[in-house]
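Working notes for the structure below.
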Amino acid sequence: MAESIAAAEGNFGTEAEIRTLLSAGLGAHPAVITSCYVDGKGILKYLEPEKYRESEGADISTQEHTIAMLQNPEPLISTAFRAVEGFAAIVLAQPLFDVNNAFVGSLVLTLDTSLLPQMVLDKSEMSKDYELWAMEPSGMMICNQDQEEIALNLFTDPLYESHESLRLFAAKVSSLKSGEGDYSFMATGSTDVLKKTATWDTITLHGREWRVVLAKVQK
């Protein structure tokens, strides 16, 4: 994304120039759902691909990541949230500056993080007994193979209320940057509750911490 912005050399003056940049953003990673231009007032001005353009013109100035960008224009990654397009996701955002180095908005890529775990597991040639997910220390589910869990909080959402071992495990994950443990919860894509052993570690991107959990289903 940064390379595409640099190649544009501050030429963001026309809709055509911006949409060229957005098209490049769509191809940045298979998990990218939308590529957006948010102007300096927090308006979602242009959006690709075409099927989501009905959301153009939406005022997203009250969203956490938009507020952060307008107050301090620098690269950021958001927490999980429900986008105006209707799906749960995270965003990667890069500020845009014109040829006079004036802030003119941001390039925002919306990612479907449910796709990331399987990509990692496949690349690592892990067996189907393994699951991968990530949460923030707050308990917010950031990345999960079950898309409906993204943007839920492990400590407060009713989905997890009856799964005490998972909540206790999540509390341990929240308090420590790395470790191991076990818990019981539904297997990916299933309603069957199974015991899982897990290890976790922490990655940091643009100041935001993810606790990345690798779990093995015990059969």
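The values are calculated or read from the model by the stated rules, or taken from the named source; none is laboratory data. Quick caveat, the model's predicted, so the values are computed rather than measured. As a convention, Cβ positions derive from the backbone with ideal geometry for all residues, glycine included, and neighbour counts pool all protein chains shown.
Before moving on, here are some points about what is shown:
- The residue pairs whose first member lies in the stretch 164-183 and is not assigned by TED's automatic domain parsing to the domain that holds Leu194, whose second member is surrounded by 13 or more Cβ atoms within 10 Å (Cβ to Cβ) and among the hydroxyl-bearing types (Ser, Thr, Tyr), and whose beta carbons are closer than 6 Å, counting only pairs six or more residues apart or on different chains, do not exist in this structure.
- Checking Ala68, Ala102 one by one, the residue that is within 18 Å of the chain's Cα centre (by Cα), farther than 20 Å from Met141 by Cβ and without any contact (Cβ under 8 Å) to a residue 60 or more places away in the chain is Ala68 and no other.
- Of all residues making up the stretch 121-139, the number that are in contact with a helix residue (DSSP H, G or I) (Cβ under 7 Å, 6 or more places away or on another chain) and either assigned by TED's automatic domain parsing to the domain that holds Ser78 or part of a loop (DSSP other than H, G, I, E, B) (or both): 2
- Which listed residue, of Val84, Val91, is within 18 Å of Val38 (Cα to Cα), in contact with a helix residue (DSSP H, G or I) (Cβ under 8 Å, 6 or more places away or on another chain) and in a loop (DSSP other than H, G, I, E, B): Val84
- The residues on offer are Thr188, Thr202, and the sole one that is at pLDDT below 95, surrounded by 14 or more Cβ atoms within 10 Å (Cβ to Cβ), assigned by TED's automatic domain parsing to the domain that holds Lys128 and among the polar types (S, T, N, Q) is Thr188.
- Residue match in the stretch 38-54 (condition: under 24 Å from Asn144 (Cβ atoms) and surrounded by 21 or more Cβ atoms within 10 Å (Cβ to Cβ)): no
- Test for Ile33: is it assigned by TED's automatic domain parsing to the domain that holds Ala16, more than 25 Å from Val212 (Cα to Cα) and of a type in the set (Val, Ile, Thr): no
- Matching residues in the stretch 152-179 - criterion: being among the acidic types (Asp, Glu) and surrounded by fewer than 13 Cβ atoms within 10 Å (Cβ to Cβ): Glu161, Glu164
- Qualifying residue in the stretch 156-171 (condition: out of contact with any strand residue (DSSP E or B) (no Cβ under 8 Å at 6 or more places or on another chain) and among the basic types (Lys, Arg)): yes
- On inspection, Glu149 fails the criterion of being closer than 23 Å to Arg82 by Cα, surrounded by fewer than 14 Cβ atoms within 10 Å (Cβ to Cβ) and not assigned by TED's automatic domain parsing to the domain that holds Pro75.
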